[in-house]
Structure formats: structure tokens, C-alpha cells
Amino acid sequence: MAVDDNPQADQAVPENYEDFLEDYSHFAPPAADEVLQGTVLGITGKDVIIDFGYKSEGIVPIEQFQTQTGEITVRLGDAVDVMIEPGGEQPEGYVLLSHTRAARLRIWDHLDKAYQDQLVISGRVLGRVKGGLAVDVGVKAFMPGSQADPRPVHNLDSLAGQDIPVKIIKLNRRRGNVVVSRKLAVEEEINARKGATLEHLFEGAVIVGVVKNLTEYGAFIDLGGIDGLLHVTDISYGRVTHPSEVLHVGGEVTVKVLKFDRAKERVSLGIKQLEPDPWDTVVERYPVNARVIGRVVNVTDYGAFVELEAGVEGLIHISEMTWSRRMKHPSKVVRPGDQVEAVVLEAHPRDRRISLGLKQLEPNPWTTIDSRYSVGSVVEGRVRNMTDFGAFIEIEEGIDGLVHVSDLSWTKRVKHPSEVLKKGQIVQAVILNIDSGSHRLSLGIKQLQPDAWESFFQRHIVGDTVHGRVCRLSNFAGFVEVAEGVEGMCHFSEVPGYAGRRGAEPPLSIGQEGSFKILKMNEAEKKIGLSLRAAAEDEEKGRLEDYQRQAAAAITTIEEVMSHKDRGAE
């Protein structure tokens, strides 16, 4: 009988025959190593009930969905991977499934794809092992110490517990071995960031970077795969001794690209260039003669630096600290950290230099010196300093006068002031000249006493005979001291018995004393010409005249006696 003739046969074949075949195709048993995707239908105290298709339900021990603390990681309706547990005991009405085996199989598929395509995956460092680190990438993998970072890592333990990017460099699924490298992953990331950074990097660009390292001379800033150098002088217009005063490693910082060598990938950065340069308007803000207040930041042998504002410092030179010249070091007046008031003397923005003064806050004693002192007046002061050419005497605060070495004595040949004076000695002096404009005062000590030459010329004339002592000799004359500080010259031709022959011994000797006749006198040039021969001749002539006078007197006496006798005889 034909099928078409059987009405029961017509009723046995449903209209949706294709759907019927598809539904019943699920009854084909899955492969033993096939990963199935199921849906959580229920959760009991011991199991998780899973609908994994094939018109069947299975159970998975709840321990496979629990954390170490016992927390259940799935909820009703969640999709999970499972595999049929072969050979396992089948509970009544259910199929025994394994989520752990399915997850492990999925992980290996994922790792295999990552290895084939050289993808970067995430792993957690479990700890230190021999030769490197153990890393959890779904399975336990090994990372050699040399693959931990592009740069040598001296302490691998510092990575423990961190989630790190890695690339798989070796994989053996059959043996379950996986070797990973953080170095390759980081280099890939750096190269990707560097490429993106270089596309947008140019001189003048303002970008945000991260402080990577600090040194004494500056800081290295990570701009995104490429490092730039921020020199310490470009951090601030103010005084920065070390970058750590302003920056810290890991901190974000906005910088400006000052120089960029694309070929060498060298970048110079600056922070202070993001703000206007305070020296551009320093003349307007600090005019000459203006009074300013600042903080002493440094003291040197030649002066003190004062910070007027961030990036603007002025120098108070040692000569501008006090009207007195006796100060030896600026530290006697100011110290670092002091708040001081000063006067602006000069401002040079191009040289980034401002000259300041402290003494200008007080009256200048030289402006009134002409009204307080006069030439010829006697003053008293302390010997403050001595040099080869003279001594400085302070007659009041800020007023020093110079006594030249030639003005120390009328009579002595002074080669150095220390022969006459001592430092700190209180002395009197005569004002010889006042130059208030140049701040110069000339003093004299010998002027306190009469001029020995002047006195000698007042007491003597040409033709006088004086007593003297030979004090020094030249090749043609002897110099004779005829009074304290007064010398005359006796030419050898004026010495008795001098023949003038070459090689002859000098007719005079040092220390020789005698009488000399004054032949010449020049008060203006302080010159006196003497003659030992003329004095001797005058002395001989005098003796002859005395003899003649005595003889005449004797004859007169005889005559008087004879005359007296004659008168007696009569």
C-alpha cells in the first residue's frame, strides 16, 4: 500500500519537517573534547545545573565556580563553557560536566592564537622562581629575568603581584609549557607610543609628560615612547638648585619643546618658557633709584645676591654696602635668608643683571666733607690699612684719608709706612687736599712739624761753615748730613789733595766728620753745595789772621813796656 493512501502516514509527518530534523539532530552525541556553551539553570548547595543543549541538562560541582573565599562567580542565566566529563558517575537525570576542563581548553586556544598572531596579553606575576618569574596567563607561564624589562631589572621581586603586559615567545601545548616576555610587550608599546608622539612633536609644541628620572643637572620626561631632557636651568626663572625641589618621579608635568632633533630623537624641554620672562619688563618695574625689598639668596667674596622676585636677582657689590672701606667681607653685613631693603643703581635686562646698593639708604658723608673740614686743619684718626705707597687713616665712619709715604717724615727716607706707623694706631695728620667728587682725602704727618730744609735755609747763608758727617758716596761726590734730614753735596774736587785720577780711592769716607763751607744754596730745589777744601783754607786763613793779630798785639805790648821804661829812666 502506498504511503499516500495511508491517512495515518500523512498524520505522522509534521508540516515543519525541516525544523523537526534540526531539533532531533541535537541528539547526536558531542565529541569527548568538544567545548560546549551552556546556560545556568539553577544553583544548589553542591552543584550548578547547566543546560548544554542536546535536550539535556548537566551538573557541575559548585567548587568549580567558587573563589578561594567561597564566593560563587555565576548567576542564573549566565553562559558558561563546559565539557562532558567522560567516565564520570552520571547522576540520575543529569550529565556530569566540567567547567574547569572547558576553561583550560579555551585558555590554550586563546594562548595559541596569541602566540601565532604575536598578540599582547595580560598576566599576573605570581612570584620569583629560578632564573626569572612565574606569571599567570590562564596557565602558569615562565618569564626569564632577561625578558622582564627593556632595561636591566636589579630587583625582580618588585614585579610580584603586578598585572603586566606580555607576549608569548614559546608555547608547547602538549607539554603545557609557556614562556612569555614583558620586554617585547613593553617595547612594542613604546614603539607604538613613540610613533604617535613623533607625528605631533615639533619645536614650540606644549605637551604633557611624566617625570621619569631626576639628576643633578635636570629631569628626563617621558613624552610617550620618547624621553626629553628638562635642564635644571629651564625649570623656573627662579633659583632651582636641584630638580627635586620642584619635580618628583611619576608626576605629570606640562612642558614646551625648545629643540627637537628628529634624526637623533633628541628633545630639549622647558617649563619656565610657558610663562613670560620677567626680565622683559624689569626696567619698568625696577627703575633706577627705586627702593626695593628682597631676600638674600647667596653671599660671595665680592657681594650678595638678592632675589627681588622669582627669576629676578640683583647684586649688592661689596663696595655698595657701606660708605666705609674697612669692611672685609659681605657676610659682615648680610647673611643668606635676610630680608633687606636696597636702592636700584642700574638695570640691564639684556645681561639679566641688576645692580643694587645698601649704602645709598644713608647720607653720603663725602657730600658734606668740604663744609666740615678744610685744607691745613689737623685731624685725628686710626690707621686702617697700609700699602707700599702709603697708609689709609679713617678720620670718621666712611671717610678715609691717604698719607703718602713721602709725607710721613721730613728727615727719614721712609720706604714703607710700617717703618713709622702701626695698624690700628691713633695718629694726627694735616689735611693737604680734599677732592669730594672723587672721594679722595690727602693727609700728611710730617707737616705737623717744621720743614728741616726750610729751617736750615733760614739759619744759614752762602759762606757759612757748618759741621757735617759723610753719610753716603757717589762716584764723583760725597753727601754730607749737615742737619737732621738735611744733606749737602761735596764734590771730590772740593776735597784737599784730590788729584782726580781714575781708579783713585775716594777722598772721603762714610762716617767721616768735618767742617764744610757752604758754596751754593738753592731752597726751591733743596740743594746745598759744600767744600771741605774751602773750609780748610778759611780755617788756615783764620789761624794766620789770629797769629798776626796775636803778634801785633805782642809788639804793641812790648812797645808799651819799653815806653814805660823810658819814662821811668827820665
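Please treat every number below as a calculation from the coordinates, not as lab data. Owing to the predicted nature of the structure, the values given are computational and were not obtained by experimental measurement. Note: ideal-geometry Cβ built from the backbone for every residue, glycine included; neighbour counts use all protein chains shown.
Can you tell me how much longer the chain between residue 175 and residue 76 gets when fully stretched, taken as 0.36 nm per residue apart minus their C-alpha distance, in nm with one decimal? Can you show the working numbers first?
Values: separation 99, 0.36 × 99 = 35.64 nm, distance 3.62 nm.
So the extension gain works out to 32.0 nm.
Sorting 237, 115 on the 10 Å Cβ count, fewest up front, what's the list?
In increasing order of surrounding Cβ atoms, one gets 115, 237.
Got a sec? How would 112, 47 order by Cβ neighbour count within 10 Å, fewest to most?
Listed from fewest to most nearby Cβ atoms, that is 112, 47.
Using only Cα atoms and rounding to the nearest 10 degrees, what angle (0 to 90) does helix 99-117 make with the longest principal axis of the chain?
50
Length gain on complete extension for the stretch residue 307 to residue 546, per 0.36 nm per residue less the alpha carbon to alpha carbon distance?
Values: separation 239, 0.36 × 239 = 86.04 nm, distance 9.39 nm.
Gain on extension, residue 307 to residue 546, equals 76.6 nm.
Provide the FRET efficiency to the nearest 0.05 for the residue 273-residue 319 pair, computing r from the beta carbons and using R0 = 35 Å.
It comes out at approximately 0.45.
The list [x] 242, 57, 46; [y] 84, 59, 48; [z] 220, 58, 47 gives values of Cα extents along the principal axes in Å, and only one came from this structure; which label was calculated from it?
[x]
Between residue 471 and residue 436, what is the label-to-label distance in nm when each label sits 7 Å out along the Cα-to-Cβ direction?
4.1
Residue 454 label point, 7 Å along Cα→Cβ, cut-off 15 Å on backbone N: hits in the range 358-393?
Residues 376-378 qualify, since their backbone N sits under 15 Å from the label point.
Suppose we look only past 25 Å in the calculated P(r) of the range 36-133. What percent of the Cα-Cα pairs does that tail hold?
Every Cα pair in the range 36-133 considered, those over 25 Å come to 33 percent.
Take the alpha carbon gyration tensor of the range 121-248, find the square roots of its eigenvalues, order them as a ≥ b ≥ c, and report rounded if a/c is under 1.5; if not, report prolate when a/b exceeds b/c, else oblate.
Verdict is prolate for the range 121-248.
Run the quick spin-label model on residue 244 and residue 68: label points 7 Å from Cα toward the beta carbon, then report their separation in nm to one decimal.
My value for the distance between the label points is 3.7 nm.
Compute the distribution of all C-alpha to C-alpha distances in the range 457-570, in bins of 10 Å from 0, and list the percent of pairs in each, rounded to whole numbers.
For the range 457-570, the pair-distance distribution reads 13, 34, 21, 11, 9, 7, 4, 0.
Calculated from DSSP H runs of 4 or more alone, at -39500 (n - 2.57) each and per residue, what is the 222 nm mean residue ellipticity of the chain, nearest 500?
-6000 deg cm²/dmol
What per residue convex hull volume, in Å³, comes out for the range 200-274 when only alpha-carbon positions are used?
Details: hull volume 5.9 nm³, N = 75.
Convex hull volume per residue, Cα atoms: 78 Å³.
Along the Cα-to-C-beta direction of residue 117, a point sits 7 Å from the Cα; which residues of the range 184-210 have their amide N less than 19 Å from that point?
What the label zone holds, given the 19 Å backbone N cut-off, is 185-186, 188-189, 192.
Stokes-Einstein diffusion coefficient for the range 365-448 at 37 °C in a medium of 0.692 mPa s, Rh from the Kirkwood formula over Cα pairs: what value in µm²/s?
In µm²/s, the coefficient rounds to 259.
Can you give the net charge of the other residues whose Cβ lies under 12 Å from the Cβ of residue 37, counting K and R as +1 and D and E as -1?
-3
Nearest 10 degrees is fine. How inclined is helix 532-569 to the longest principal axis of the chain, computing both from alpha carbons?
So the inclination is approximately 20 degrees.
Got the relative contact order for the range 72-209 handy, in percent, Cα pairs under 8 Å and 6 or more residues apart?
Relative CO of the range 72-209 lands at 18 percent.
For Cα pairs less than 8 Å apart in space and 6+ apart in sequence, what is the mean separation divided by the residue count of the chain, i.e. the relative contact order in percent?
After rounding, I find 5 percent.
How far apart, in nm, are the 7 Å Cα→Cβ label points at residue 108 and residue 129?
Output for this residue pair reads 1.7 nm.
Work out, step by step, the length gained on full extension between residue 263 and residue 203: first 0.36 nm times the residue separation, then minus their alpha carbon distance; give nm to one decimal.
Between residue 263 and residue 203, full extension yields an extra 20.2 nm.
For a footprinting-style exposure proxy, rank 217, 498 by other Cβ within 10 Å, fewest first. All intermediate terms of the calculation are to be shown ahead of the outcome.
Numbers: 217 11, 498 16.
Ranked by crowding around the Cβ, least crowded first: 217, 498.
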